[in-house]
Amino acid sequence: MQIVVDLNRCQGYAQCVFLAPRVFELHGEEALMYAPAVPGEQHEHVRRAAAACPVQAILVGEPAGDGVASSGAGDGRAGVDGR
Ligand code: SF4
């Protein structure tokens, strides 16, 4: 599983940090750090974190060739452009 956090949207609410502390970490008030490649045991935590994010800044994607079709749930991709 790969994730991208739209840091332009992220407001530092830290819901994700609370739900998946091994993946998301907040430095200071707004600097969110995260691991883009999520290990298997963290998938469920990350899905919950993505669902709980008040501004839906966490985008979850399944890598191709994983053998698991994307459920499409919550896939509200809105043209994330890092820069
Ligand atoms: S829950 Fe959403 S807004 Fe809050 S820190 Fe995580 S990504 Fe940012």
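Here the 3J(HN,Hα) profile of segment 38-48, calculated from phi with Karplus coefficients 6.51, -1.76 and 1.60 at θ = phi - 60°, is 9, x, x, 6, 9, 4, 5, 4, 5, 4, 5 Hz, Gly and Pro shown as x. Spacing of the modelled spin labels on Leu7 and Ala35, each 7 Å from Cα toward Cβ, amounts to 1.9 nm. Length available on full extension from His27 to Ala52: 0.36 nm per residue minus the Cα-Cα distance, which gives 7.0 nm. Shown in residue order for segment 8-25 are the 3J(HN,Hα) couplings computed by the Karplus curve 6.51 cos²θ - 1.76 cosθ + 1.60 at θ = phi - 60°: 6, 8, 4, 10, x, 6, 6, 4, 5, 5, 5, 8, 9, x, 7, 10, 10, 9 Hz (x for Gly and Pro).
Bear in mind that the values in this text are calculations on the coordinates, not laboratory data. These numbers were taken from a predicted model, which means no experiment stands behind them. Don't worry about glycine lacking a Cβ; one is built from the backbone with ideal geometry, like all the others, and counts go over all protein chains shown.
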